[in-house]
Amino acid sequence: MKTFLSLIIISLQILSNNLLGQQYSLDEKSRDYDQLHISLDLTFNFEKAVVYGKEIFTFTPLTKKFTRLVLHSKTTEVKKVMYDTLSLPFTNDEEYLFIEMHKEFSNKDTITLALEYISKPEHGIFFFHPTKELRDLPSQIWTQGQGNNNRYWYPAYDLPDDKVTMETKVTVPSKYSVIGNGRLIAENKLDGNQKSYIWLLDTPHSNYLRSLVIGEFVTIRESVRNVNLEYNIPKAWVGKEHHFFGRTPEMLNFFSDYITPYPYDRYAQTTVHDFLYGGMENVTATTLNKRVLHDENVIPNYSADPLIAHEFAHQWFGDLITCSDWKHGWLNEGFATYFTDLWFEHFEGKNEFHYRRYQQNLEYMKAFDESDFSKKTNQIKEKIPFELSDRRAYSKGAAILNALRFQLGDDVFQNVIREYVKRYQYKNADTENFKTVAESVSKKKLGKFFDQWVYSGGYPIFKISSIYEPSKRKLIVTVEQVQKIDNVVPLFETPILIEYITAREKYSKTIFISKKVETFEFDAPAYPNYFSFNKNNNIPCRIEFTRNFEEISYQLLNDDDIYGRIEAAQLISSFSKKAVLPLFEAIKTDRFYGVKIAALEALQHIGGEYVFDPIYYAMNDRDGRVREAAVKALSIFPADRVNKVLKSVYEKDKNDYVRAAALVSLAKIKDAGAYFYLQRALNVVSHQNIIRKSSFEGFTILADPRALPLAKEYLNYKYNLGGMYLHESEILNFADVMAASNRKEVIDIISAGLVNPFFRVRNQAASLLMKIRGVEALPLLKNIYDNERRSFVKEQLKRTVQALTEVNE
């Protein structure tokens, strides 16, 4: 009778779960257990994209009366759940797996369950195999757990605030390699031409960092500091790995010295086909987009170093220490971005560091969006980072750390980092945890710093004016903050480094800004040759400062800060023809490519025949990035003036990116032979398909209908390189431009995009179809939607179907 009653109670609980499951929320507030270890035993059906799994799940309750385990679980059919020999009742909804325990457990118990399941994942794990249409497609399986996507192929608690150890056993045909997290503890040949691999990672980590890659790879190994470095690449790239992985040992040395020794005994990097992003920092086993594969023909215009360093830095920031909640994701991404900058400072020097900081600050400011402000309630009180939940987590997050370093000093900042890692390694942290460490180590109150940079929005805009008083030998500078100040954007309080040079000497000083309008007096024996505000760009801000030609020209040619020289190059263009000579001098004498690029962009803005000589001069620069900028700048001249030069560059330059720029410039000058060059270039295979991309960028500029059949053809998946799909995106941009005049052909092109296997192409095609109201493709669109598995594609397809259905009614 007792057993029968128990079954009734359990049945009612299951019914309740089914009714209320959609209202249930499993997160850091409701989680009532600590997952300890997850062991998976996996086989796959490559062609049907199916996962067959056995899972051993070990956990301990966090409550004294634990009766139900709830796990994140999507697109997975659980077959059974066992506690020892006892079968446990369970139920699934679209989000969770509810398992009813056979008795009440306490927080002193450790519980192990065995699950069997079949998953047909909509996300999180991706399958590739050759087909009749795509015979050259590699056979691969790879996973992508971030954000919360490992739940699509096995049940677990799948948010970052809980850490777990893992074991992964995989059985595959023997021709495949299996790359997992941690260390390989077994590799066994089996009957039937099969092989099994067992990977073990016995240090705690968040669930989203579990990784699995299956495919045919050549593995290259080296040992540095007793760390096993492993590079898994396609056979065709063996012998060229020094171009893209060659600095990994130097990165290991730098990060280990600056932060703390690398915390694991292995670090693998694996390039996979059609990866969704640039890379993913899976703990001990980073997955990388195939764009990192390159040879000398793209150096230095493209380098894999920033991506390699970013994902490597994540092993400390993101993996060893993980944000407790995605709202604090800047602790992962901002740190990895800034430590990439620090590596460049160490390896390439301060100029490269300052240039990266300059570009990242511009990226953040470009993404600045006041419409976000309506979402802000009281971020400071609630300690929720603001403007740090998207790409700004990278750029603004890095800017915050750079400003903190400037305020604390290099040594103290490094000590803060080391103490933060020591205190939170193998744990989770939030912004307040990091702030507490920074205050403890620096012995400074940093509440204002974090309130204005992390929990508030925007950045300061400084309006500067200055006068020189010869009788007092004083330079008087007035600083006004002119940003819109409200409940979101504060009046900033911050140190600022200033510098000015007189005929005899240089003066540097750090001032502190704390008011809306402030006036400062500086000793100056003579009128300064120039005055630099926010030298080295330590603080992310905009500066409004009117200066005369002589000051700007002097700064362009004499400032030892590349940020100052770049700013001068931009400002001096307002003086038109008068600015050409100093800009030409900068191109000839400056040692940093970024300044030369800024000078070329300034000359392009000025225009006119008198800028031809300095631009042409830069065509012979040793640095391909400068040549690329010069080729782009030539597009301001008439065709008969530069067409031969551009064609010569395309034919003779060995750099893919310089050649690609020449194609676009030929289109911009409307050269009579441009179409021929653009069409012929479609036969060229280049890094990231940059030359094909430039061909279609040229067709877009020309709006040439002759390219319509080419667009449909080259949207075919067979032309992809498994990388970033730049040329496919440009084809759809071309289709957009041609839609009004050649609708039928454009619908055909978009339809080809809808069946392209790469998700970004399908999504962009569906979005374009909605934009041009392409109801003609609605039947095809509905059919694709019905057969689409990937959730992130179905969402866009659904929006397009709904929009076009409304148009059609």
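The values are calculated or read from the model by the stated rules, or taken from the named source; none is laboratory data. Because the structure is a prediction, the values reported are computed rather than measured. All Cβ positions, even for glycine, are placed from backbone atoms using ideal geometry, and neighbour counts span all protein chains on display. Surface areas here come from the heavy atoms of the whole protein model, side chains and all, with no ligands, DNA or RNA. Shrake-Rupley method; radii C 1.70, N 1.55, O 1.52, S 1.80 Å.
Data table
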| item | result |
| --- | --- |
| Reachable lysines from Lys506, criterion Cα separation under 21 angstrom, eight or more residues apart if same chain | Lys350, Lys472, Lys474, Lys535 |
| Surface share of carbon and sulfur [accessible, 1.4 angstrom probe, percent] for the range 281-363 | 49 |
| On Cα atoms only, tilt of 350-367 relative to the major axis of the chain in degrees | 70 |
| Percentage, to the nearest whole number, of Cα pairs in the range 308-443 over 18 Å apart | 55 |
| Angle in degrees between helix 656-668 and the longest Cα principal axis of the chain, rounded to the nearest 10 | 70 |
| Alpha carbon centroid spacing (whole Å) that separates the range 115-183 from the range 751-809 | 27 |
| Spatial separation of Cα centroids for the range 571-628 and the range 521-566, in angstrom | 20 |
| Dipole of the chain [Lys/Arg +1, Asp/Glu -1 at C-beta], most positive-end residue of Leu678, Pro130, Leu581 | Leu678 |
| Carbon plus sulfur fraction of accessible area for the range 403-487, probe 1.4 Å, in percent | 46 |
| The range 307-344 versus the range 216-287: alpha-carbon centroid distance in Å | 16 |
| Interchain or long-range residues, amide H under 5 Å from Val50's placed H | Asn45 |
| Test item: Cα-centred dipole of the chain, Lys/Arg +1 and Asp/Glu -1 on Cβ, debye | 380 |
| Accessible surface, the range 564-709, averaged per residue in Å² (probe 1.4 Å) | 42 |
| Cα-based Lys proximity count in the range 32-153, under 20 Å, for pairs eight or more positions apart or on separate chains | 16 |
| Stokes-Einstein D for the range 711-809, Kirkwood Rh over Cα pairs, 20 °C, 1.002 mPa s (µm²/s) | 162 |
| Size of electric dipole in the range 642-691: Cβ of Lys, Arg +1 and of Asp, Glu -1, about Cα centre, debye, nearest 20 | 120 |
| Shape box of the range 225-276 [Cα atoms, principal axes, largest first, Å] | 35, 23, 18 |
| For the range 733-745, Karplus couplings with θ = phi - 60° (6.51, -1.76, 1.60), whole Hz, Gly/Pro x | 5, 4, 4, 4, 5, 8, 4, 5, 9, 9, 4, 4, 5 |
| Rounded percent of accessible protein surface that carbon and sulfur make up, the range 521-661, 1.4 Å probe | 46 |
| Test item: Cα-centred dipole of the range 345-420, Lys/Arg +1 and Asp/Glu -1 on Cβ, debye | 180 |
| Contact order relative to length of the range 466-617, as percent, for alpha carbon pairs under 8 angstrom and 6 or more apart | 17 |
| Angle in degrees between helix 593-606 and the longest Cα principal axis of the chain, rounded to the nearest 10 | 60 |
| Identified option (computed volume of the Cα convex hull per residue in Å³; candidates (1) 145; (2) 188; (3) 212) | (2) |
| Per-residue ³J(HN,Hα) for the range 78-94, Karplus 6.51 cos²θ - 1.76 cosθ + 1.60, θ = phi - 60°, Hz, x for Gly and Pro | 7, 8, 7, 10, 10, 10, 6, 9, 9, 7, 9, x, 8, 8, 10, 10, 6 |
| Average accessible area per residue (Å²) across the range 211-356 - probe 1.4 Å, nucleic acids and ligands excluded | 29 |
